[in-house]
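Step one of this worksheet: look at the structure below.
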Amino acid sequence: MQDLTIVTDFGDGALLLPLSVAILAWLVLQGARRAALWWAAALALAIGGTALLKLYFHVCSPFPMLRSPSGHTSLATLVYGALAVVLAAEVHRAKRLLVIGGAVSVVAAIAVSRVLLQAHTVQETVLGSLIGGCALSVFVFGYLRNRPASTALWPLFLVVALPVAAFHGRQIHAEGFLQALAVYLNGMAGVCG
């Protein structure tokens with residue numbers, strides 16, 4: 001159980017939100033301001049899309065196994081996927097598969113840990129990965145068209161290591177707040193009758 005918690009904590013917003021800010025700062029410092037805008041848009045899609053679907057499904061879900069898309073899986077897909085894209089764009093072809101395979105493995109481990117810890121159903125983690133995948137597609141589209149001509153990767157490793165060291169193991173407990181908000185909004189607007 002403790003091993004699963006260690007894995008799942010790599011997908012918690014308490015780590016991934018500061019890591020997202022660090023990636024944004026790295027993009028800006030690299031002079032890739034347009035890529036930074038694409039990153040911000042991808043973050044908004046992942047966080048906003050997940051939150052909106054959580055609100056809706058808490059009160060309106062027609063499927064009993066789908067009440068709350070996995071935010072851990074959604075944000076992890078985006079953040080670790082984006083790091084893999086940035087690294088893969090800078091390494092030789094053979095290493096690209098290792099980088100992308102590593103990111104896929106990390107995200108899959110986080111998703112599986114959410115199911116094994118009974119925090120989400122398989123359907124909820126799949127939906128989370130779809131949301132994160134859509135957001136990642138937005139970032140990839142913008143990054144590959146606007147990436148810096150020369151990329152210094154050592155600052156990226158530094159800005160990734162600092163939030164991981166500082167925030168891994170911390171947790172944001174937003175689920176209860178979103179459930180209460182969903183019930184309140186439904187009571188006010190009667191979306192689901």
Any idea how many residues of the stretch 52-100 are in contact with a Leu (Cβ under 9 Å, 6 or more places away or on another chain) and either over 30 Å from residue 157 (Cβ atoms) or basic (Lys, Arg) (or both)?
11
I'm trying to understand the selection: among the residues of the stretch 134-152, which are part of a helix (DSSP H, G or I) and within 16 Å of residue 36 (Cα to Cα)?
135, 136, 137, 138, 139, 140, 141, 142, 143, 144, 145, 146
Looking only at the stretch 70-122, which residues are over 12 Å from the mean Cα position of the chain (by Cα), buried (at least 24 other Cβ atoms within 10 Å of the Cβ) and part of a loop (DSSP other than H, G, I, E, B)?
120
Could you list, in sequence order, all residues of the stretch 55-69 that are over 17 Å from residue 136 (Cα atoms) and either buried (at least 22 other Cβ atoms within 10 Å of the Cβ) or acidic (Asp, Glu) (or both)?
68
Could you check the stretch 44-66 and list, in sequence order, the residues that are aliphatic (A, V, I, L, M) and assigned to a helix (DSSP H, G or I)?
44, 45, 46, 47, 51, 52, 53, 55, 59
Looking only at the stretch 24-34, count how many residues are buried (at least 22 other Cβ atoms within 10 Å of the Cβ) and either at pLDDT 95 or above or among the aliphatic types (A, V, I, L, M) (or both).
1
Among residues belonging to the stretch 138-169 that are closer than 16 Å to residue 20 by Cα and free of Cβ contacts under 8 Å to residues at least 24 places away in the same chain, point out the one that is surrounded by the most Cβ atoms within 10 Å (Cβ to Cβ).
157
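The values are calculated or read from the model by the stated rules, or taken from the named source; none is laboratory data. Fair warning: this is a prediction, and the values are worked out from it, not measured in the lab. Positions of Cβ are generated from backbone atoms using ideal geometry, with glycine treated the same way; all protein chains shown enter the neighbour counts.
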